[in-house]
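Worksheet: one structure, shown below.
The values are calculated or read from the model by the stated rules, or taken from the named source; none is laboratory data. Keep in mind that this is a model prediction, so the values were computed, not measured. Here the Cβ is made from the backbone with ideal geometry for all residues, glycine too, and neighbour counts use every protein chain on show.
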Amino acid sequence: MRVTYAHMGTSTIVFQSMLEEIGHEVIAPPRPTPKTLSLGVQYAPEFACIPFKLVLGTYLETLPKGVEIIVSAGGYGPCRAGFYGELHRRILREMGYNPQFIFFFPPLKKPVDFFKKIVKLKKGGSWGGFYRSIRRGFAKLKSVDDIEIKSHEIRARELKRGDTSRAFRKGIGYLEAARSTKEIEEAHREGLKELEKVPQNLDFEPLKVGIIGEIYVQLEPAANFFLEETLGHMGVIPRRTIFLTSFTRHDVVAHGEREAKERAQPYLPLVIGGHGQNSVGDVVHFAEKGFNGVVQLAPFTCIPEIVAKSIMPHLSKVNGIPVLTFFIDEQTGQAGVETRLEAFVDLMNQQRKCNSA
């Protein structure tokens, strides 16, 4: 059957290979564009956040290609994301589309429901084959994350602008083509080698900025205006708190990042849904690690991140680390984001000079 899913950064290539291995014909979602967002805005409720609108727009771009199944996932608890699958389904049905939705919740929250959906997705294939596909997929996902982290470290020191991005795309291409465990391991090594070839100014000491906030706007560059690449070109190493490998280990399997929640306790002891509590604890973490600043990414109207944002001035003062917050919606523009980032980088540079004086 023809299957699609939401585009979310580099994870797309992993989902595609896993679904193909278990026998589905994959209609790979294109990277979101302004047209994608325009489609989502046209048919989504006005109050819905930008992840909801971008994902809806993506579905509307892939459904005309004969998609029969949409695979998605969502949170559980005091966050609207848990309802988005059903709301997407109703909007699409009213437009004349009736794909089957397989909507996953964290397995430890609804284990029976999770198991039933796995059975439905694997199409009667053997459990052994399905398990091997999952293992290969996780290995590929870890390799993608490793190459991405390496690219962030190198881009801040590159001598020629764009070299790191070109090397990164080449390395990701190797992983996209890899199928067996051996091929994935080889592609991982070759991808890192491509990045190591990039000429760098090793005498330059970049600033380090932590990226916190909601998962989709962290992981999808089209939703955050390619923030990590932009920071890299400004001589900054970004380090976001969410990569899908760590998210799978902690949020999906173990009910959340325990250390982040522990650090948040003095400031926000309540679970408020989404990644709100994590965002608070992660500011403390980045301050302890000596980072120069933190950028909070949040969809406009995201209540957990709004609550976290209200605590940021106090966190910044107590922990001695500047925090810049972006609330993103369809009105946000690239130029405005870049201007605010430039001012933030200037602020961090000035603060570093004062601290070293």
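Among the residues of the stretch 75-94, are any of a type in the set (A, V, I, L, M, F, W, C), outside any loop (DSSP other than H, G, I, E, B), farther than 25 Å from residue 221 by Cα and touching a residue at least 40 places away in the same chain (Cβ under 8 Å)? Among the residues of the stretch 75-94, at least one is of a type in the set (A, V, I, L, M, F, W, C), outside any loop (DSSP other than H, G, I, E, B), farther than 25 Å from residue 221 by Cα and touching a residue at least 40 places away in the same chain (Cβ under 8 Å), which makes the answer yes.
Per this entry, residue 66 is not counted among residues that are in contact with a Lys or Arg (Cβ under 9 Å, 6 or more places away or on another chain), crowded, with 22+ Cβ neighbours inside 10 Å and small (Gly, Ala, Ser).
Among the residues of the stretch 94-112, the one identified as closer than 12 Å to residue 74 by Cα and at pLDDT 90 or above is 102.
For the stretch 147-161, the criterion of being of a type outside the set (S, T, N, Q), out of contact with any Ser or Thr (no Cβ under 7 Å at 6 or more places or on another chain) and free of Cβ contacts under 8 Å to residues at least 40 places away in the same chain is met by at least one residue.
Here residue 290 clears all of (1) among the small types (Gly, Ala, Ser); (2) in a helix (DSSP H, G or I); (3) at pLDDT 85 or above except the condition numbered (2).
For the stretch 186-213, filtered to residues that are surrounded by 14 or more Cβ atoms within 10 Å (Cβ to Cβ) and charged (D, E, K, R), the residue that is farthest from residue 11 (Cα to Cα) is 208. Does the stretch 26-37 contain at least one residue that is at positive phi and crowded, with 17+ Cβ neighbours inside 10 Å? Looking for residues that are at positive phi and crowded, with 17+ Cβ neighbours inside 10 Å, one finds none in the stretch 26-37, hence no.
If you take the residues in the stretch 122-168 that are assigned to a loop (DSSP other than H, G, I, E, B) and modelled with pLDDT of 90 or more, which one is nearest to residue 208 (Cα to Cα)? Filtering the stretch 122-168 for residues that are assigned to a loop (DSSP other than H, G, I, E, B) and modelled with pLDDT of 90 or more, the one nearest to residue 208 (Cα to Cα) comes out as 156.
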